[in-house]
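What follows is one structure encoded as structure tokens, with my remarks underneath.
The values are calculated or read from the model by the stated rules, or taken from the named source; none is laboratory data. The structure presented is a predicted model; accordingly, all values stated were derived computationally and were not measured. Here the Cβ positions follow ideal geometry from the backbone for every residue, glycine too, while neighbour counts run over all protein chains shown.
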Amino acid sequence: MANEEYTRPELLTTPADLQTKSGRSSLILIDTRPAEKFAQGHIPGAVHFDLFGLSLVDTSPAPLKAFLAMIAHVFEMRGVDLEKEVVFYDDNSGVRAARGLWFLEYFGHQNVHVLDGGIQAWIDSGYPVPTEALSPKATHFKTAERRELLATAEDVLHSLNQKTICIVDTRSDDEHMGRTIRAARGGAVPGAVHLEWVNNLDSKGRYKPAPELRQMYSRLGVTPDKEVIPYCQGGYRSAHTYLALRLIGFPKVRNYLGSWGEWGNRLDLPIEKPWEKK
């Protein structure tokens, strides 16, 4: 079983739990790593869907609707529907798997998990990694979108200076401090606290125990009584923090899908330069 100290331990699964479900037609197992890694060996029964590189830099209504429809269609082509259990995995408990979970929760899926520790935990448990690939059977994925799990640029703009809303920058120190600039501007969303996503993981690439996560976020003023909006560059690392906070019972977390790829390139939106505060 996953760490029972989590408020939502069912969001994670373990190699042992996954192994007992191997071969079930009711399970969709999705390998989110690059294609070459999948070809070199994967968990038996997995289908491939590399979630990296599918980004949105305009969260206004029309582009957002089109982007989400495209993502839902790709899930359909992987055999996903609302009735089947879905497990995502990465090299470890990485951003690709977390983003997959966030997407499916947004689409209204009620039975989706991440393999804690990823394929490395599976290998460390002594389970096989064959190279044979399966051809998924396409399904009809009828979504029930949960808009409360997603933040747009306008949502973030309206949340600025709101004491009940906490914005979390999950990017690297270099990105946050403007040493690495990946948009028209370097900087941060005004008022954001900074905690890089890798701090969610332990030395084995698994999510830290619940007490450690709670203490780490509480020190920054990120507490369950607030709405939390994590962001990064393209909604990947922020999805990882979304999952970390969901694990420890935060009731209202909204992933800013456009993230700095949108915010940093929109010259009409305010920024702050954290390095000028030092």
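A few notes on this one:
- Just one of the listed residues (230, 211) is touching a residue at least 40 places away in the same chain (Cβ under 8 Å), within 19 Å of residue 159 (Cα to Cα) and not charged (D, E, K, R), and it is 230.
- Residues within segment 103-161 that are more than 25 Å from residue 229 (Cβ to Cβ) and small (Gly, Ala, Ser), tallied: 8
- Near pairs, Cβ below 9 angstrom, 6+ apart or cross-chain, from segment 80-109 (assigned by TED's automatic domain parsing to the domain that holds residue 170 and in contact (Cβ under 8 Å) with a residue 40 or more places away in the chain) to any residue that is polar (S, T, N, Q) and surrounded by 19 or more Cβ atoms within 10 Å (Cβ to Cβ): none
- Lone unmet requirement of (1) in contact with a Leu (Cβ under 6 Å, 6 or more places away or on another chain); (2) part of a strand (DSSP E or B) for residue 190: (2)
- Checking residue 89 against (1) of a type in the set (Ser, Thr, Tyr); (2) within 27 Å of residue 244 (Cβ to Cβ); (3) out of contact with any strand residue (DSSP E or B) (no Cβ under 6 Å at 6 or more places or on another chain), the condition it does not meet: (3)
- Among (1) in a loop (DSSP other than H, G, I, E, B); (2) within 22 Å of residue 240 (Cα to Cα); (3) not assigned by TED's automatic domain parsing to the domain that holds residue 272, the one test that residue 183 misses: (3)
- Of the residues making up segment 115-160, those that are under 17 Å from the mean Cα position of the chain (by Cα), outside any helix (DSSP H, G or I) and more than 22 Å from residue 66 (Cα to Cα) number 3.
- Tally of residues being in contact with a strand residue (DSSP E or B) (Cβ under 9 Å, 6 or more places away or on another chain) and touching a residue at least 24 places away in the same chain (Cβ under 8 Å) across segment 1-23: 11
- Restricting 46, 35, 16 to those that are within 18 Å of residue 139 (Cβ to Cβ), in the same structural domain as residue 90 (by TED's automatic domain parsing) and small (Gly, Ala, Ser) reduces the list to 46.
- Residue 129 under 16 Å from residue 29 (Cβ atoms) and touching a helix residue (DSSP H, G or I) at 6+ places or on another chain (Cβ under 8 Å): yes
- Of all residues in segment 254-278, those being surrounded by fewer than 19 Cβ atoms within 10 Å (Cβ to Cβ) and of a type in the set (Phe, Trp, Tyr) number 1.
- Any chance residue 205 is surrounded by fewer than 21 Cβ atoms within 10 Å (Cβ to Cβ), more than 19 Å from residue 56 (Cα to Cα) and modelled with pLDDT under 95: no
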